[in-house]
Amino acid sequence: MNALAWIGEVRIAQAVQDGKLDNLPGTGRPLDLTLRDGALEAQARLGLELLERARRAPADTAQDQRERAALRLLWARALARQRRDRNTP
């Protein structure tokens, strides 16, 4: 562990001990541990977040379900193309 990591750990431990982290927003809710690609542009991250929200919301009609499926397919293709282009020299 380097010095900066150690300092950070000590400060976090002190804040926990002092109770400074007791009333944070989201306390008691599970963490979102969904892997996100840090190399994606802000637009791509926003699109992924919107897709996640849409997936959690109930689809009222068959048309809604078809539109969401089409959107997921288009987004998956765009992400695959972006990754392929990034990895091509």
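The values are calculated or read from the model by the stated rules, or taken from the named source; none is laboratory data. The shown structure was predicted, so the numbers you read here are calculated from the model rather than taken from an experiment. Positions of Cβ are backbone-derived with ideal geometry, glycine not excepted, and every protein chain shown enters the neighbour counts.
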Condition first: under 25 Å from residue 86 (Cβ atoms) and at pLDDT below 75. Can you find one or more residues in the stretch 1-17 that meet it? no
With the first residue restricted to the stretch 1-27 and required to be without any contact (Cβ under 8 Å) to a residue 24 or more places away in the chain, and the second required to be assigned to a helix (DSSP H, G or I), Cβ contacts under 6 Å at 6 or more apart or on different chains are 21/15
When residue 70 is run through (1) surrounded by 11 or more Cβ atoms within 10 Å (Cβ to Cβ); (2) modelled with pLDDT of 75 or more, the failure sits at (1)
